[in-house]
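The values are calculated or read from the model by the stated rules, or taken from the named source; none is laboratory data. On a predicted model such as this, the values are computed, not experimentally measured, just so you know. Heads up, the Cβs are rebuilt from the backbone with ideal geometry, glycines too, and the neighbour counts pull from every protein chain shown. With ligands, DNA and RNA removed, areas are computed over all heavy atoms of the protein, side chains included. Shrake-Rupley method; radii C 1.70, N 1.55, O 1.52, S 1.80 Å.
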Amino acid sequence: MDTVSPLERVLRGLAITVVILFFMFPIVWIFLMSFQTNETILRVPPSVVFEPTLTNYTALITGKLETAAGTLEIAFMRNLWNSLFLSTASVAVGLLLGVPAAYAFGRLKFRGSEDIAFTLLSFRFAPPLLVLLPLTIYFQKIGLADTYVGLIWVYQLIVLPLILWIVRGYFEDIPADIEYAYRIAGHSWFSTFRKIALPLAGPGIAAAGLLAFIFAWNNFIFALVLASADKQPVTVGALAFVTASGIQYGQVAAGIVLSIAPTFALALYAQRYLVEGLSLGAVKG
Amino acid sequence: MSLKLTDIVKRFKTETVLDGVSLSVGRGETLVLFGPSGAGKTVLLRLIAGVVDPDGGTIEIEGRDMDGVEPEDRGIGMAFQNFALFPHMDAMANIASPLTARRTGREAIAETVGKVARMLKIDHVLHHKPKELSNGQKQRTALARALAGAPQILLLDDPLRNVDAKLRFEMRLELPRLLRSQDATVIYVTQDYKEAMALGDRIAVMNGHGIQQIGTPEDIYLRPANIEIARLFGDPVINLLDVVPEAADGSGGVQVRLSDQPVALVGGYAGTVGTDCVLGLRPEAMRFVDPGTPGAIPVEVEAETPLNEKTVTLTLTQRGREIMVSRPSGMPGPDQGTAYVAVDAKDALLFDRATGQRIAPGAHSPALQEDVA
């Protein structure tokens, strides 16, 4: 296929550049903003030429926000840690519960299995606020409000259906004969699950876990309602930058850069698995 | 009996796949399940293996009812048509899997696997993953895995289906020896009648929800239960001609007319006179003869297909019916145009046209039989 004319090549390159610019511009702009003070950000007309400064990052890391109205305590690093902990723990719990469930839904066609699987997926359809209000009241009654356990539990609403449905597709793609062969060779179903199904669905489980991690990381509303300051993740913590003396754009940008960095790195690292994980099951090979 | 199936019924949703299948196989015997695809052969194997449960009937292995017995507890080895190798394990681990299940020691495993692998000539690829193996090696690995556990019952689901012709031929020669050395009860599924004839102590022909005939390869070939089975065995397929038997003049026997030439039927077919029948003539039951030979049937030569060991000639009778005649290669054939064929009447089969069932000759006319012989 080397019959592409020079003109076509140029046009193609142009098109790709436009697309990349369109999608990458906000991220690049935020990245640039994170090295500027509020004054340089807000000047008219805006310019990409500025004196870079690290004050935003030092403010976030030391937890001292200097504003026109004085010094403000912020807990950004604490929020970052909360994000990391909540997401990791949620995904771990989600995998622990979701992978065996996915196997059951994929392999054992029991009565009502489709309905149950769909019900679990339907958690994703409901507006979160609809669930959150009654849940807040329950949680306050049973003492789960503002606890990590409570948050991780609620995060399963995001994490579990995702893991369940992606991993299920992977399990279904493993030819049943391979598992039968292992059973006939004399191994129990549990050993077949561990030695055959799990390793073969490995890439799918990794992709599902990764995606679930990103979704959990980006969650805002659950933590906003159910957690107080010391348990809030970065998504909620960023609200602290809206101060009495105005929005601290520089710090917001630096906060965003810091908070997307882990998921960005993870996604880059596991890009291959992600694409595979999302497309597999859709296309039967 | 090593394996006994009684009245097995299996349905998938509303479709009945197996309807009352009964079968028993003795220790050390090789039974071939033969039939076209969709006949339920693979389902039957899966029922025996225990990965699918029957809707009715009982399966006994060594006299023990297998109802509720898990696949891992049945003492079975199985080779799948699609090989079903474990893709993340090397050939060694694949073959060793029946042994690891029994917590056999490392050295014993290495020894057994080595032995089986040498026997199947795959000992040089034991450390390759399935995707690095050729189709033939995959097939042998799957077979080795089934054999490694020295199972009492060996289920082979069309193991030669996905390998090339050369290997299939080799394995067809090798397998009987291999299977005998195992002293196991073997159920072998195939769609290839030559494989069935070469490997089976007995053949069970499956078609339409069940077993239509069980017998030795010779039985099935020479005395097929019905037209369908007669058509399934033999290459080229048997010639089938609509006939109405009539009483032969004088001799008291029965004859049919092919292109107005009377062909006497051997055996007691007296009851068939005047009924609609189908005459089955295997291509090798006919030969070309010189013009003027008594009873020779004139035919038009249409086309000739030389196969390796035989030559098949397609001919047309005077009524335009196609007849295939085969002869061993090297024997002179007919020229173009009109030729004459004679029929070996003792090899002719007669079927009821309405039911398709073969009409077995009665034993009450030995005189005629001697006459022709």
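Summary of values
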| item | result |
| --- | --- |
| Furthest towards positive pole of dipole, A:Thr53, A:Ile142, A:Leu211, structure part the protein assembly as shown, Cβ charges | A:Thr53 |
| Angstrom value of the Kirkwood radius, inverse mean 1/r, which spans all Cα pairs in the range A:155-243 | 15.6 Å |
| Within straight-line cross-link reach of B:Lys138, aspartates and glutamates at Cα separation under 18 Å, skipping those fewer than 8 residues along the same chain | A:Asp177, A:Glu179, B:Asp90, B:Asp123, B:Asp157, B:Asp158, B:Asp164, B:Glu170, B:Glu174 |
| Student exercise, chain A dipole from Lys, Arg, Asp, Glu Cβ charges, in Debye to nearest 20 | 580 debye |
| Net length gained if the chain between B:Glu62 and B:Asp19 were fully extended (0.36 nm per residue, minus Cα distance) | 13.1 nm |
| Largest-first ellipsoid semi-axes for chain A, taking √(5λ) over the Cα gyration tensor eigenvalues, angstrom | 41, 29, 15 |
| Rule-of-thumb Rg ratio for the range A:73-150 [Cα; 2.2 N^0.38 Å; N residues] | 1.44 |
| Degrees, to the nearest 10: B:135-148 long Cα axis against longest axis of chain B | 70 degrees |
| Accessible area per residue, Å², the protein assembly as shown with all protein chains present, probe 1.4 Å | 50 Å² |
| Rh (Kirkwood; distinct C-alpha pairs) - the range B:32-190, Å | 16.2 Å |
| Where Rh is the Kirkwood radius over Cα pairs, Rg/Rh for the range A:6-73 | 1.21 |
| For the protein assembly as shown: span of alpha carbons on each principal axis (Å, largest first) | 131, 68, 51 |
| Total formal charge among the other residues, if their Cβ is under 15 angstrom from that of A:Asn38, Lys/Arg +1 and Asp/Glu -1 | -2 |
| Linear extension gain, A:Val131 paired with A:Asp146, 0.36 nm per residue minus alpha-carbon span | 3.8 nm |
| Size of charge dipole - the range B:3-225 - debye, nearest 20, with Cβ of Lys, Arg +1 and Asp, Glu -1, no other charges | 660 debye |
| Shape metrics for the range B:254-373, restricted to C-alpha atoms - Rg then Dmax, Å | 15.0, 42 |
| Net charge, B:Arg327 excluded, C-beta distance under 13 Å - Lys, Arg +1, Asp, Glu -1 | -1 |
| 10 Å Cβ shell holding at most 11 others, DSSP loop, chymotrypsin sites (Phe, Trp or Tyr not before Pro): longest site-free stretch of chain A | A:126-285 |
| Residues of the range A:174-219 buried by at least 50 Å² on assembly (accessible area, 1.4 Å probe, chain alone as reference) | A:Asp177, A:Ile178, A:Tyr180, A:Ala181, A:Arg183, A:Ile184, A:Ala185, A:His187 |
| Buried solvent-accessible surface, both chains (A, B), 1.4 Å probe, Å² to nearest 100 | 1600 Å² |
| Accessible-area value, A:Met77, 1.4 Å probe, nucleic acids and ligands omitted, Å² | 80 Å² |
| Percent carbon-and-sulfur accessible area, the range A:6-73, ignoring ligands, DNA and RNA, probe 1.4 Å | 76 percent |
| Distance from the range B:331-346 to the range B:212-290 (C-alpha centre basis), Å | 18 Å |
| Neighbourhood charge, 12 Å Cβ-Cβ cut-off, centred on B:Phe83 and excluding it, Lys, Arg +1 and Asp, Glu -1 | +2 |
| For the range B:279-289, Karplus couplings with θ = phi - 60° (6.51, -1.76, 1.60), whole Hz, Gly/Pro x | 9, x, 10, 5, x, 7, 8, 10, 9, 6, 10 |
| Eligible lysines near B:Lys194 by straight Cα distance, threshold 21 Å, same-chain separation 8 or greater | B:Lys41, B:Lys166, B:Lys310 |
| Size of electric dipole in the protein assembly as shown: Cβ of Lys, Arg +1 and of Asp, Glu -1, about Cα centre, debye, nearest 20 | 2200 debye |
| Share antiparallel - DSSP beta bridges, the range B:3-225, percent rounded to 5 | 55 percent |
| Residue (of B:Ile203, B:Gly253, B:Phe83) at the positive-pole extreme of chain B, dipole from beta-carbon charges | B:Phe83 |
| Burial ranking of peptide ranges B:51-60, A:252-261 (average Cβ count within 10 Å, highest at the top) | A:252-261, B:51-60 |
| The range A:72-144-the range B:1-78 distance, computed between alpha-carbon centres (Å) | 45 Å |
| Under the Karplus curve 6.51 cos²θ - 1.76 cosθ + 1.60, θ = phi - 60°, whole-Hz ³J(HN,Hα) for the range B:323-328, x wherever Gly or Pro sits | 9, 9, 10, 10, 9, x |
| Nearest-10 value in Å² for the accessible area of B:Glu302, using the 1.4 Å probe | 100 Å² |
| Number of partner chain Cβ atoms within 10 Å, mean per residue of B:72-79 | 4 |
| Apportionment of accessible area to carbon and sulfur, chain B, percent (1.4 Å) | 48 percent |
| Förster-model FRET efficiency, 56 Å R0, A:Ser188 and A:Phe23, C-beta, rounded to 0.05 | 0.70 |
